[in-house]
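Encoded as structure tokens, the structure appears first; notes follow it.
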Amino acid sequence: MSRYDFTTQRLYVESDLGAGGVVAATPDQMNYLCNVLRLKDGDPVLLFNGRHGEWRARLGTRSKRALALDVGEQTRPQEGGPDIDYLFAPLKRSRLDYMVQKATEMGVARLRPVLTRRTIAERVNVERLAANAVEAAEQCGILRVPSVAPPEKLGAVLANWDSGRRLIFCDEDAETTSPLAALGGAGGGSPPLALLIGPEGGFAPEERSAVLAVPGVVRLSLGPRILRADTAAVAALALVNACLGDWR
Ligand code: SAH
């Protein structure tokens, strides 16, 4: 595995990145760098934006309310990753935060909240999902930050299913057989994938039938024990990455 710099603070920015550029820190970033980390003029940070790789920058001109980050050289090129949509029923706050962070660390490309009959969370805070994804990427050195789709109802998701994307359905009612064998039959190579995990209360019977009717769906058992949704996310993504993603 490539080793990279974990001692320098890494920050996600929206702006384009290139040698000689200047990026304005957000008020939160400025506060964090100057007041929490107590960095000084000229101290290094690492910047990434999900498009242009990772760049070394230094704290530059600072006024009361603004801090410039002067971009130097590129430290890593932009990386891609497996084409995995992660579809999940939103959970209550702290578990959802955790699940989004873990899914990001496991390298998903897109986060897609799906509303099901037994979804507990009443509303989904898309900004919060995105902020958790950014935080996980900053900490783990991931350069591709997953995009966050607006929440959609399960019925609509299934009705508009893209036939080129292979659906992997984590189903605690599936027969417990080898997950490796189940995923081995998922097409080989690296097809576009989608992984679906249900809410704490599971899927309603008619929802399960509708999911199982998606052409080519792979029904995945995660063993003989029922896992909580956030645990299931990590377990399933480890299997998917090992069999079909970028752990091979
Ligand atoms: N049916 C449950 C539990 C749901 S667990 C209940 O009655 O409360 C939440 C989600 O995690 C499920 O919808 C499923 O997608 C996934 N999951 C949990 N354990 C699993 C297992 N052993 N195999 C496959 N998926 C599992």
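Every number in this text was worked out from the coordinates using simple rules, so none of it is lab data. On a predicted model such as this, the values are computed, not experimentally measured, just so you know. No Cβ is skipped: glycine too gets one built from the backbone with ideal geometry, and neighbour counts run over all protein chains shown.
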I need 172, 127 ordered by Cβ neighbour count within 10 Å, fewest first.
127, 172
Near residue 64, which lysines are there with a Cα under 20 Å away, not counting those fewer than 8 places off in the same chain?
40
Can you give the translational diffusion coefficient of the range 27-83 in µm²/s, computed by Stokes-Einstein from the Kirkwood radius over Cα pairs at 10 °C and 1.306 mPa s?
129 µm²/s
Compactness of the range 64-145 - radius of gyration and Dmax, Cα, Å:
15.5, 51
For the charge dipole of the chain, defined by +1 on Lys and Arg C-beta atoms and -1 on Asp and Glu C-beta atoms about the Cα centroid, which residue among 181, 134, 159 has the Cα displaced farthest towards the positive pole?
134
Using unit Cβ charges (K, R positive; D, E negative) and no other charged atoms, how large, in debye to the nearest 20, is the dipole of the range 126-248 about its Cα centre?
300 debye
How big is the dipole moment of the range 1-100 about its Cα centre under a simple scheme where the beta carbon of each Lys and Arg is +1, that of each Asp and Glu is -1, and everything else is neutral? Debye, nearest 20, please.
500 debye
Would you work out the relative contact order for the chain, in percent, from Cα pairs under 8 angstrom that are 6 or more residues apart?
18 percent
Assuming 0.36 nm per residue, please report the length gained on full extension of the stretch residue 247 to residue 125 beyond their Cα-Cα distance.
40.8 nm
Let me check I've understood the local charge: for residue 165, count other residues with C-beta under 10 angstrom from its C-beta, Lys and Arg +1, Asp and Glu -1. What total comes out?
-2
With the range 1-109 reduced to its Cα atoms and the Debye formula applied, log10 I(q)/I(0) at q = 0.11, 0.15, 0.17 1/Å amounts to -0.44, -0.76, -0.90
Quotient of Cα Rg and 2.2 N^0.38 Å for the range 90-194, N being how many residues it contains
1.16
Over the chain, one equal point on each Cα, no solvent: what is log10 I(q)/I(0) by the Debye formula at q = 0.10, 0.17 Å⁻¹?
-0.54, -1.19
The range 1-35 residues near the modelled residue 43 label - backbone nitrogen below 17 Å, point 7 Å along Cα→Cβ:
6-12, 25-35
Work out the charge dipole of the range 1-150 with +1 on the Cβ of Lys and Arg and -1 on the Cβ of Asp and Glu about the Cα centre, then indicate which of 30, 60, 20 is farthest towards its positive end.
30
Would you order 32, 12 from fewest to most other beta-carbon atoms within 10 Å of each residue's own beta-carbon?
32, 12
Lys, Arg +1 and Asp, Glu -1 on Cβ, resulting dipole of the chain about Cα centre, debye, nearest 20
400 debye
For the chain, set up a GNM with springs between Cα atoms under 10 Å and report which of 83, 16, 97 has the largest fluctuation.
16
Taking 92, 64, 153 and counting other C-beta atoms within 10 Å, the order from fewest to most:
64, 92, 153
So what is the relative contact order for the range 150-248, in percent, with contacts set as C-alpha pairs under 8 Å and at least six apart?
40 percent
Can you bin the range 157-228 into rounded, prolate or oblate? Criterion: square roots of the alpha carbon gyration tensor eigenvalues sorted a ≥ b ≥ c, rounded for a/c under 1.5, prolate for a/b above b/c, oblate for the rest.
oblate
Relative contact order [Cα under 8 Å, 6+ residues apart], the range 85-173, whole percent:
33 percent
Theoretical ellipticity at 222 nm over the chain - DSSP helices of four or more residues, -39500 (n - 2.57) apiece, nearest 500:
-8000 deg cm²/dmol
Could you check which residue among 76, 112, 166 shows the biggest mean-square fluctuation in a GNM of the chain with a 10 Å Cα cutoff?
76
